[in-house]
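Visitor: Here you go, one structure.
The values are calculated or read from the model by the stated rules, or taken from the named source; none is laboratory data. Everything numeric here is computed off the predicted structure, so don't read it as measured data. Please note: Cβ atoms are built from the backbone with ideal geometry, for glycine as well, and neighbour counts cover all protein chains shown.
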Amino acid sequence: MRTARILALALTATLVAAPAAGAIESIQQVDGGAVPNVSGTKARPRAVALTVHLYFDSIAPDLDRQVQFATAHGEIFFPKEGLTNNRLFPSCAPVTVLTDERQCPAGSRIGSGTARGVGLGLDEDVVGKFFNLPGGNGTTLLVTGESPLIIREIVNSTLTTLSDPDYSYKLSFSVPRVLQ
């Protein structure tokens, strides 16, 4: 399977903006990649690392009008050809991740990333660390920031197995109000 096919299916995402007083003019977009770009077979499965980039081309129209908005909920669909065995990896409970992620077992952290939150006169660089949930039922994302705000929050996601002709799994998440 080629990367384009993986991306077309794996990065099919639904992102919902929180309601605001006035129409939102900024358009949220997503792109990404997969490494390696050729998948394995059922007999010889091959791990794939996904990279996801969520962004806005421009938020200037909404900032100029002082319209506040944020992503409140999202869903990421994974292709039928994809498999997951995350239940076999170490995991960490969300309360442990929030309290002190250094107490999580080695191997339970499954990814990381950075983001820049832009608001009405308040910009914040944040770091995200993904942890495998017990039983492989999803992930916990720890979001931290240091300036201008002290941020330490988690975003839990749920992994659901689908019986769909195109998709095997759906990862659903809701962003806590304090991060919106």
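Visitor: Any idea which residue in the stretch 111-138 is modelled with the lowest pLDDT, counting only those that are in contact with a Gly (Cβ under 6 Å, 6 or more places away or on another chain) and within 18 Å of Gly74 (Cβ to Cβ)?
Guide: Gly113
Visitor: For Ala93, only one of the following conditions fails: (1) free of Cβ contacts under 8 Å to residues at least 40 places away in the same chain; (2) surrounded by 13 or more Cβ atoms within 10 Å (Cβ to Cβ); (3) of a type in the set (A, V, I, L, M, F, W, C); (4) out of contact with any strand residue (DSSP E or B) (no Cβ under 7 Å at 6 or more places or on another chain). What is its number?
Guide: Here Ala93 clears every test but (1).
Visitor: Among the residues of the stretch 86-95, what is the count of those that are in a helix (DSSP H, G or I), at pLDDT 95 or above and touching a Ser or Thr at 6+ places or on another chain (Cβ under 9 Å)?
Guide: Residues meeting the conditions: 1.
Visitor: Being among the acidic types (Asp, Glu), closer than 21 Å to Gln180 by Cα and crowded, with 16+ Cβ neighbours inside 10 Å narrows it down to one of Asp125, Asp57, Asp62, so name that one.
Guide: After ruling out the rest, the residue left standing is Asp62.
Visitor: Shifting gears a bit: Of (1) among the small types (Gly, Ala, Ser); (2) more than 20 Å from Leu179 (Cβ to Cβ); (3) under 16 Å from the mean Cα position of the chain (by Cα), Gly111 satisfies all except one. Which?
Guide: Going through the list (1) among the small types (Gly, Ala, Ser); (2) more than 20 Å from Leu179 (Cβ to Cβ); (3) under 16 Å from the mean Cα position of the chain (by Cα), Gly111 breaks only (2).
Visitor: Now, a different point. Report the residue count in the stretch 57-108 for those that are more than 21 Å from the chain's Cα centre (by Cα), of a type in the set (S, T, N, Q) and under 20 Å from Val143 (Cα atoms).
Guide: Adding up the residues that qualify gives 1.
Yes or no, residue by residue, for (1) surrounded by fewer than 17 Cβ atoms within 10 Å (Cβ to Cβ); (2) touching a helix residue (DSSP H, G or I) at 6+ places or on another chain (Cβ under 9 Å):
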| position | (1), (2) |
| --- | --- |
| Arg87 | yes, yes |
| Phe130 | no, no |
| Gly145 | no, no |
| Glu153 | yes, yes |
| Ser163 | yes, no |
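Visitor: Right, another one. For the stretch 28-50, what are the residues that are of a type outside the set (A, V, I, L, M), surrounded by 11 or more Cβ atoms within 10 Å (Cβ to Cβ) and over 15 Å from Leu171 (Cβ atoms)?
Guide: The answer is Gln28, Gln29, Asp31, Gly33, Pro36, Asn37, Ser39, Gly40, Pro45.
Visitor: Here's something else I'd like to know. Out of all the residues in the stretch 112-169, which are assigned to a strand (DSSP E or B), over 30 Å from Gln66 (Cα atoms) and touching a residue at least 40 places away in the same chain (Cβ under 8 Å)?
Guide: Phe131, Asn132, Thr140, Leu159, Tyr167, Ser168, Tyr169
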